[in-house]
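Colleague: Submitted below is the structure of interest, expressed as structure tokens.
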Amino acid sequence: MADGPVAEQLLRRLEAADGGLDSAELAAQLGVEHQAVVGAVKSLQALGEVIEAELRSTKRWELTAEGEEMAREGSHEARVFQSVPAEGLAQSELMRLPSGKVGFSKAMSNKWIRVDKSAAEGPRVFRTVEGIDDEVQRRLQLVQGGQAEKLAEKERSELRKRKLLTEVTLKTYWVSKGKAFSTSISKQEAELSPDMISSGSWQNRSFKPYNFAARGVPPDSGHLHPLLKVRSQFRQIFLEMGFTEMPTDNFIESSFWNFDALFQPQQHPARDQHDTFFLRDPAEALQLPMDYVQRVKRTHSQGGYGSQGYKYSWKLDEAKKNLLRTHTTSASARALYRLAQKKPFTPAKYFSIDRVFRNETLDATHLAEFHQIEGVVADHGLNLGHLMGVLREFFTKLAITVPCRNHAAPLQASLQPLHGAQHGGVQLPSRPEEVGGSWELRPLSPRDAAAYGAPGECVGHCLGALAGAPHHDQVRHQQHPGAGGPQGEPADGVRQSPVPPGRGHTQAHAGGRVTRGPAALTSDPTVLMRPP
Amino acid sequence: MNYVLNLAWNLMKLYDLLCLEGLVRGLQVFKERIKAPVYKRVMPNGEIQKLIVTEETGKVRPYAVAAVLRNIKFTKDRYDSFIELQEKLHQNICRKRALVAIGTHDLDTLSGPFTYTAKRPSDIKFKPLNKTKEHTACELMNIYKTDNHLKHYLHIIESKPLYPVIYDSNGVVLSMPPIINGDHSKITVNTKNVFIECTGTDFTKAKIVLDIIVTMFSEYCENQFTVEAVEVAFPNRKSSTFPELAYRREMVRADLINKRVGIRETPQNLAKLLTRMYLKSEVIGDGNQIEIEIPPTRADIIHACDIVEDAAIAYGYNNIQMALPKTYTIANQFPLNKLTELLRVDVAAAGFTEALTFALCSQEDIADKLGLDISATKAVHISNPKTAEFQVARTTLLPGLLKTIAANRKMPLPLKLFEISDIVVKDSSKDVGAKNYRHLCAVYYNKNPGFEIIHGLLDRVMQLLNVPPGEDKGGYVIKASEGPAFFPGRCAEVFARGLSVGKLGVLHPDVITRFELTMPCSSLEINIEPFL
């Protein structure tokens, strides 16, 4: 059936009408609100081509509430005139009437009344004419009857100034028959139902059209954190390259493993309270491998294994201090130490990706925690070319073209060779050569990932890595770290390559500070210079 | 033409490149325009200058070394460079004057022998540099508290009973290291003879600093690259002459360099590369042995591997052939991380969104806000956090997730978050006295508490872990429990394979309020390590 009584009426009248009808007129004829007719028009429009409706806007004069009152009961001035009897009325009494004030001045200017100020009981109002013609009321009644056009422009504006009239815009529809006009409209179905399918009734029904411009309902799903997705990707690459994952599930580390075993001198600025979170409780490590500690102590203070050492007084108390690890290299040192205990020596490739901590005040560019990536290769006969080759493969898998030969690549790699570097103190009895050296880059991918903005807090990310570089033929109990210490400062004893042209040393991405400085892969010191 | 020189700050280890003199010299040697100069210590024509170190210095700043630059010719630029180098060394190798402090004096205003001693601050009185009248050391420490430059160095001696001070034979104060020099002996552009003293707590570094200054600026002496010796008498009655200007010889085999770097260069070529790096080298012996002379300017060379690295830099990393190591290894995942990776994907597939929150937090987060006493948490405490946000390592993942919700309150409900990450607790069985545990935490935040939803997630996780429901040995159950963080009667403990692994429940309204939340919330937190 038709969509409600108004729509039904509309269709019937439209059938009889010539051409079409106006929605406002129809509302007047049916004695319903105009809005009800508009609703019926819209619901009929939704059915397709049953009707056609053209939007028209017309301007119309309407009475204000005050105007309606005056149309009904006369203008204020007329009412004042009516209330003055032939014998006159005291002005004060007149003023108390509802129309008194406005009506008095209007009636005065119309010269309908006069005031006798010399009367004995104060000013008195008298009629000056016998009868009056309430022109204002008549005009308002014309407007009320929809005949506003009979008034002159000047008359209308005078009434409008008195706030008796307003001009309103009326939006109406001119409704005409559509191509599929019919007075018997069946209601369209919203959706296909199981009943319709089983009864087959769908064949006789029409269905409401879909609004394909609307958005779908978001799926009810969970999400992985974008930064951790990147972690998974890097992890996958290392696994594809045959690297075994090192355990890194120890945020708390002793200074020994975090610094001393990596040949970082005890006065190194990275060991400063400003840079490293030290612990109050438990303040000190309970156990250290004492035979190894002795070798580390000797190499720091006196040298050994070919190294001059740092020649200072090495203190065990300093090495015992617990901290939140400042790099995952401490975990690599432990892993290599364990490897060295295994006999015979077995070549190894290790990696890790985990959190590290720096004593920072949180702001837009500094976090106290971030992730670090690390890789190590330990074998005989490795060299710097191998380190660069491993890095190239890693970046190729990241779909970043080789950094080592192209400074214009979207990352800045620093290969800090090498020797002796990192992973201090690993005893490799079968004379293997450990690969040391480190690199650090500011890749675009993790930075972008961090910028995706995960819900809530986001731990930053620092892609840094450590890959192998060669060592010595001799058994080394303690190496000295060539490549970077954890705060960008290389451990003493390594001369680094210069910075590539056009790249400054800038702070890194969302993930905390740059951990190792951006040295570069170029040999000619003249590139140190570039025109401003 | 102007150039901008861009040195990575990790290059600052190369002390000989800290001033223009050294940098230019290094570049010219590299470009083979000049031969590396040989620095010589010479005896004066007259009597040698003496510096006597007294026993009292032992408790505050025990070491001193000195040298004289005779007949030096400063210009404005040279003088500025001289001052700047001292400042750079102070900030760098001198560790903000803590390890070494440098004083330079106009020798012609003084009269040796000099005495380096330590006195009570009230007994030291002199006119310090750029002041108009004499002050006692106590007064100076107060005056310099507001000095933006010097206030950073006061702490080095402030708490000591005796302050270090250097006098000449007439009782004139040269300096009160490491704070300020005397005004009497200040150097100017017109100074002819410069007396340089370095005092410190690290003898090796004091000698290096002295060597660097004199090698860099002896270029401007009448007899270029010569430095006049000073005799230093130590309290143990031994005396030595400084600067050391020691040249050391190292032997490195050419095939070792080739093997480490992955290149094939003749010994002659390698010797040439090293010579260009300011390491004068020649082939000796069997034609494969390279003898390298390490000059006093290259304190960074402490090991043969540093020499190999310099050869690689001079050769040019870009010229090194990349290769992949032949190391054959089978990759293994760290089992705990493997389990984590598997679980997090499935928890996300169950409709929860992964968060990544800080491992460090305030005491309040893990204790007060959860209704616990901090001592009950076994938390690891940080001794030197810069802000209260990082007082402890988290002992539970829950606060991080609740803070994440608080930061995302504008998101449509329900909020379903999870995290699988490490928490830290004290554990005296571990070498560092603390241990990580891998936790899984999930929260459901909505208009209703949704216990059944968080319980459903537990059921799903257990299904994934192949732990069936039931009280049997291999199964899991939840049993009514209580905890200060939970609403009474709405908390259960999770037992799996006979072990208590965690809790789930509806959070207590006090907890919800303390995390600035307004809706009911249920949570689950379990340790996943028993499921490995």
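The values are calculated or read from the model by the stated rules, or taken from the named source; none is laboratory data. Bear in mind the structure is a predicted one, so any value in this text is a computation, not a measurement. Note that each Cβ is placed from the backbone with ideal geometry, even for glycine, and that neighbours are counted across all protein chains shown.
Colleague: Please work out which residue is surrounded by the most Cβ atoms within 10 Å (Cβ to Cβ), limiting yourself to segment B:429-455 and to residues that are assigned to a loop (DSSP other than H, G, I, E, B) and not charged (D, E, K, R).
Modeller: B:Val432
Colleague: So which residues in segment A:342-372 are closer than 15 Å to B:Phe390 by Cα and more than 9 Å from chain B (Cβ to nearest Cβ)?
Modeller: A:Val356, A:Arg358, A:Asp363, A:His366, A:Phe370
Colleague: I want to confirm something. Restricting to segment B:409-426 and keeping residues that are assigned to a strand (DSSP E or B) and of a type in the set (D, E, K, R), which single residue is farthest from A:Pro218 (Cα to Cα)?
Modeller: Ranking the candidates gives B:Lys426 first.
Colleague: Let me ask you something else. Within segment B:88-147, work out how many residues are over 33 Å from the mean Cα position of the chain (by Cα), among the small types (Gly, Ala, Ser) and over 17 Å from B:His184 (Cβ atoms).
Modeller: Here the count works out to 1.
Colleague: Across segment A:94-138, what is the number of residues that are charged (D, E, K, R) and touching a strand residue (DSSP E or B) at 6+ places or on another chain (Cβ under 9 Å)?
Modeller: Residues that pass the stated criteria total 6.
Colleague: Checking B:Gln289 against (1) at pLDDT 90 or above; (2) out of contact with any helix residue (DSSP H, G or I) (no Cβ under 6 Å at 6 or more places or on another chain); (3) within 14 Å of chain A (Cβ to nearest Cβ), only one condition comes out false. Which one?
Modeller: Here B:Gln289 meets the rest and fails (3).
Colleague: Residues A:Asp220, A:Asp260, A:Asp195: which one is over 40 Å from the mean Cα position of the chain (by Cα) and not assigned by the TED database to the domain that holds A:Leu324?
Modeller: So the residue among A:Asp220, A:Asp260, A:Asp195 that is over 40 Å from the mean Cα position of the chain (by Cα) and not assigned by the TED database to the domain that holds A:Leu324 is A:Asp195.
Colleague: Among (1) more than 14 Å from B:Ala442 (Cβ to Cβ); (2) more than 23 Å from the chain's Cα centre (by Cα); (3) facing chain A (nearest Cβ under 9 Å), which single condition is B:Ile423 missing?
Modeller: Failing condition for B:Ile423: (3).
Colleague: Name the single residue, out of those in segment B:362-383 being surrounded by fewer than 20 Cβ atoms within 10 Å (Cβ to Cβ) and acidic (Asp, Glu), that is farthest from the other protein chains (Cβ to nearest Cβ).
Modeller: Taking the candidates together, the pick is B:Asp368.
Colleague: Which pairs turn up if I take residues in segment B:365-385 that are part of a loop (DSSP other than H, G, I, E, B) and look for partners that are buried (at least 19 other Cβ atoms within 10 Å of the Cβ) and among the small types (Gly, Ala, Ser) with beta carbon separation below 6 Å, at least 6 apart in sequence or on another chain?
Modeller: Once the first residue is part of a loop (DSSP other than H, G, I, E, B) and sits in segment B:365-385, its partners that are buried (at least 19 other Cβ atoms within 10 Å of the Cβ) and among the small types (Gly, Ala, Ser) give B:Gly371/B:Ala485; B:Val380/B:Ala393; B:Val380/B:Ala434.
Colleague: Tell me which residues, restricted to segment B:404-420, are of a type in the set (D, E, K, R) and either crowded, with 22+ Cβ neighbours inside 10 Å or facing another protein chain (nearest Cβ under 7 Å) (or both).
Modeller: B:Lys416, B:Glu419
Colleague: Next up: Name the strands (runs of 3 or more DSSP E) wholly within segment A:288-392 that hold at least 2 residues that are crowded, with 20+ Cβ neighbours inside 10 Å and among the acidic types (Asp, Glu)?
Modeller: A:369-379
Colleague: Let me ask something additional. Taking interchain pairs and intrachain pairs at least six residues apart, which have beta carbon atoms under 8 angstrom, with the first residue in segment A:169-185 and in a strand (DSSP E or B) and the second surrounded by 14 or more Cβ atoms within 10 Å (Cβ to Cβ) and polar (S, T, N, Q)?
Modeller: Short answer, once both residue conditions are applied: A:Thr172/A:Ser23; A:Tyr173/A:Ser23; A:Trp174/A:Ser23; A:Val175/A:Ser23.
Rundown of residues vs (1) under 30 Å from B:Pro414 (Cβ atoms); (2) within 9 Å of another protein chain (Cβ to nearest Cβ); (3) hydrophobic (A, V, I, L, M, F, W, C); (4) surrounded by fewer than 23 Cβ atoms within 10 Å (Cβ to Cβ), yes/no style:
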| residue | (1), (2), (3), (4) |
| --- | --- |
| B:Asn269 | no, no, no, yes |
| B:Lys280 | no, no, no, yes |
| B:Asp310 | no, yes, no, no |
| B:Leu339 | yes, no, yes, yes |
| B:Gly351 | yes, yes, no, yes |
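Colleague: Please find, within segment B:5-32, the residue that is nearest to the other protein chains (Cβ to nearest Cβ) out of those that are assigned to a loop (DSSP other than H, G, I, E, B) and modelled with pLDDT of 80 or more.
Modeller: B:Lys31
Colleague: To continue, here is another question. Suppose we filter B:Arg248, B:Arg237 for residues that are at pLDDT below 95, surrounded by fewer than 17 Cβ atoms within 10 Å (Cβ to Cβ) and farther than 24 Å from A:Gly306 by Cβ; which single one remains?
Modeller: The match here is B:Arg237.
Colleague: Quick one: which residue in A:Val41, A:Val50, A:Val125, A:Val115 is in contact with a Pro (Cβ under 8 Å, 6 or more places away or on another chain) and among the hydrophobic types (A, V, I, L, M, F, W, C)?
Modeller: That would be A:Val115, the only listed residue that is in contact with a Pro (Cβ under 8 Å, 6 or more places away or on another chain) and among the hydrophobic types (A, V, I, L, M, F, W, C).
Colleague: Separate question: B:Met322 passes all but one of (1) under 30 Å from B:Ser281 (Cα atoms); (2) modelled with pLDDT of 95 or more; which number fails?
Modeller: Here B:Met322 meets the rest and fails (2).
Colleague: Now for a different question. Within segment B:384-395, track down each residue that is surrounded by fewer than 23 Cβ atoms within 10 Å (Cβ to Cβ), more than 9 Å from chain A (Cβ to nearest Cβ) and at pLDDT 90 or above.
Modeller: Listed by number, the list holds a single entry, B:Gln391.
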